[in-house]
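Okay, structure first, notes after.
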Amino acid sequence: MEVNVARTNRQNWITHDIERTAGAAAQRANITAGKAVATAVRTTLGPNGRDKMLIGTNGTVVITNNGASILDRVEIDDPTARVIINAATAQQKTVGDGVTTTVLLIGELLAKAEELLNDGLHPTTILAGYHQAVDHARKRLTEHSIEIEKTDTEALQAVARTTVTGKWDAASATRFASLAMNAIYAVEDDGRVDTRALNIKALPGGELRDSKLLDGLLVDMNTSSTTIEAFDVGIPHQLTDARLALVNQEITVETPDAVKNVTVSNSEQLTSFREYESGTRTNIVQKIIELNTDVLFCQKSIDDTIRTKLANEGILTVERTRQDEFDALVRATEATAVQSVESLSWEDIGIAGSVEQQSVGTTKLLIITDLPGDVQASLLLRGGTKHVAEETRRIIENCIATTRIAICQGRVLPGGGAIEMALARDLSAYAESISGREQLAVKAFAEALEGIPQALINNVGLDPTDAFPDLRNRHEKNPAVGIGSGTGELQDMVQTQVFEPLMVKERCLTSALETTAIVLRIDDIIRHTKSPTNDGIEDGNQESNYIQRSTDGYPWAIGH
Ligand code: ADP
Ligand code: MG
């Protein structure tokens with residue numbers, strides 16, 4: 001009887017739990033999904049982009065118009081949409097901006113590809129044309145770019161502001177742009193920026209304007225389990241010329257294996273065991289005191305009694321210091337992290353001009369400044385709820401990423417759709433020089449690029465049927481003309497200083513091409529709608545995970 005049940009289930013699996021869409025139908029389905037993702041973020045593009053309210057399953061509400069934040073948070077299980085979202089995530093991680101632009105461009109490229117497929121072009125021809133278009137566009141991008149010096153604070157601040165415009169009101173955007181630029185300057189060294197030297201903390205409570213840049217390091221005491229007692233009692237809130245000890249391993253009364261296994265059977269043994277423990281504790285505390293230590297950081301936990309004894313001596317202990325904070329402490333204080341207190345020596349101790357305990361909202365922080373080692377700066381971001389603070393952090397991180405790229409690459413492009421218009425015009429001209437049907441695809445790429453200024457026009461509330469031809473006319477005379485923020489007046493983007501780093505646009509083009517290619521190449525979608533191991537067909541046979549047999553006993557499909 002059991003065998004019959006298993007067979008019925010297998011039959012179900014084969015007949016009902018697999019969906020297959022092949023050929024043109026698969027291609028159309030993928031194009032539709034890709035266009036839908038683009039539609040989801042189109043209205044958020046640019047300084048006048050609208051916000052989206054995202055409501056999580058647990059009721060959390062996040063309001064944002066940051067393309068990456070939106071795509072990150074929505075749950076989409078369509079595989080094509082996931083490919084696009086992965087491209088968006090990669091764009092976000094590599095260059096920190098241009099996510100919405102990339103996704104829109106993918107949507108436009110897919111829409112144009114659909115038209116070309118309808119006209120009988122083969123996907124391979126379309127992709128060949130798109131490839132040629134990107135190769136040409138990348139060359140032209142460099143030619144359109146403007147060189148900026150790393151000392152050009154005005155231009156750099158403009159780059160930072162372009163990244164944050166539309167995310168906040170104008171005053172906040174300016175404030176955060178300057179915060180981001182100063183943060184970069186604080187850690188910049190000869191055109192190189194080590195972002196590890198920049199520690200960003202987003203803490204709930206307070207106002208956005210309470211955010212500030214500190215020259216030094218912030219250690220979050222809430223993530224450590226330091227008790228109020230150890231934190232408050234007998235330890236000065238401000239230490240000057242503090243000596244810092246850094247220990248990697250747990251600080252505990254290590255019971256040697258031999259002792260651990262001994263059963264304490266009489267009071268004499270118990271006494272000697274207790275003496276051993278207390279002696280070890282005293283040695284540890286003594287060592288810390290001898291080295292004139294003011295603060296002891298430990299990456300793991302510290303024995304409670306040891307912490308209390310140290311607190312009584314006025315020595316601050318910080319347990320479970322985060323790895324990145326611990327590493328930053330090593331670099332900035334010139335301390336050497338050791339495995340145990342026993343191996344600590346005078347030379348291992350690090351120095352900080354000032355260590356201050358401060359409560360910021362509900363978080364207790366150690367602010368460590370005036371450091372002898374590597375440069376270290378910290379951005380303390382404030383904002384209403386935890387989610388607002390986190391969103392602020394994301395946007396600031398983007399801003400820091402673009403400013404860093406602009407400093408390192410030293411080249412920027414005019415924004416507000418100006419560069420897309422210029423490239424579209426270049427590509428239309430270039431298409432004329434191409435023979436064969438690829439020419440149509442290069443032209444299509446040019447039209448797809450125009451989708452960006454068109455979206456900006458739409459989002460500013462202008463009618464594209466009038467405004468777009470107007471833009472095209474003005475652009476013929478001045479390739480820096482783009483759509484301004486506010487009322488959408490056409491402006492010279494170099495004069496108004498709406499700058500974007502060259503590398504961001506390079507990545508937008510490459511990533512949009514790669515993703516479109518992936519989507520267009522797929523011509524077969526095979527979907528397992530149910531997991532075969534969860535629906536009862538598992539019969540205890542190892543093999544059944546890999547080889548699904550048909551009901552008459554022959555191997556039916558071999559899984560990877
Ligand atoms: P993305 O995720 O692609 O960066 P955004 O919503 O940040 O999308 O919008 C970016 C677009 O907005 C770019 O084309 C950029 O040039 C434009 N932009 C940003 N700030 C301004 C501004 N002050 N004036 C005009 N256009 C701007
Ligand atoms: Mg942006």
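The alpha carbons of segment 23-71 stretch over 41, 30, 12 Å along the principal axes, in descending order. Our note on the geometry: Cα centres of segment 111-154 and segment 403-474, 9 Å apart. In straight-distance terms, cross-link reach from residue 139 covers every one of the lysines whose alpha-carbon lies under 30 Å from its own, apart from those fewer than eight places away in the same chain; here that gives 35, 93, 112, 150, 443, 477, 505. Amide H contacts of residue 365: 221, 358, 359, 360, each under 5 Å away and 5 or more positions distant or on a separate chain (H built 1.01 Å from N in the peptide plane; Pro and chain starts excluded). Seen against the Cα atoms of the chain and their longest principal axis, helix 267-290 is set at about 70 degrees. For the chain, taking Cα atoms only, Rg and Dmax work out to 30.5, 98 Å respectively.
The base-10 log of I(q)/I(0) for segment 364-483, evaluated at q = 0.16, 0.17, 0.18, 0.20 Å⁻¹, reads -0.93, -0.98, -1.04, -1.14 [Debye formula, identical scatterers on Cα atoms, solvent excluded]. Calculate the length of the line joining the C-alpha centroid of segment 480-528 to that of segment 64-106, in whole Å. Cα centres, segment 480-528 to segment 64-106: 12 Å. Computed in the context of the full set of protein chains, the accessible area of the chain at 1.4 Å probe radius has 48% of its extent on carbon or sulfur. Across segment 443-454, computed HN-Hα scalar couplings (Karplus, 6.51 cos²θ - 1.76 cosθ + 1.60, θ = phi - 60°) run 4, 4, 4, 4, 5, 4, 4, 5, x, 6, x, 5 Hz from first to last residue, x flagging Gly and Pro.
Note that the chain presents 47 Å² accessible area per residue, ligands and nucleic acids not counted, probe 1.4 Å. Once the convex hull of all Cα atoms in segment 410-458 is built, its volume per residue stands at 73 Å³. 3J(HN,Hα) along segment 208-216: 3, 6, 6, 5, 8, 9, 10, 8, x Hz, from the Karplus curve 6.51 cos²θ - 1.76 cosθ + 1.60 with θ = phi - 60°, whole Hz, x for Gly and Pro.
If R0 is 35 Å, the Cβ-Cβ spacing of residue 74 and residue 358 corresponds to a FRET efficiency of close to 0.40. Residue ranges 277-284, 500-507, 151-158 sort as 500-507, 151-158, 277-284 when ordered by packing (mean number of other C-beta atoms within 10 Å per residue, highest first). The magnitude of the dipole of the chain, with charges of +1 and -1 set on the Cβ of Lys/Arg and Asp/Glu and taken from the Cα centre, is near 1240 debye.
The values are calculated or read from the model by the stated rules, or taken from the named source; none is laboratory data. In this text, all values refer to a predicted model and were calculated from it rather than measured experimentally. Quick reminder, even Gly has a Cβ in these numbers, built from the backbone with ideal geometry, and neighbours come from all protein chains shown. Protein only, heavy atoms only, side chains kept; ligands, DNA and RNA dropped before computing areas. Shrake-Rupley method; radii C 1.70, N 1.55, O 1.52, S 1.80 Å.
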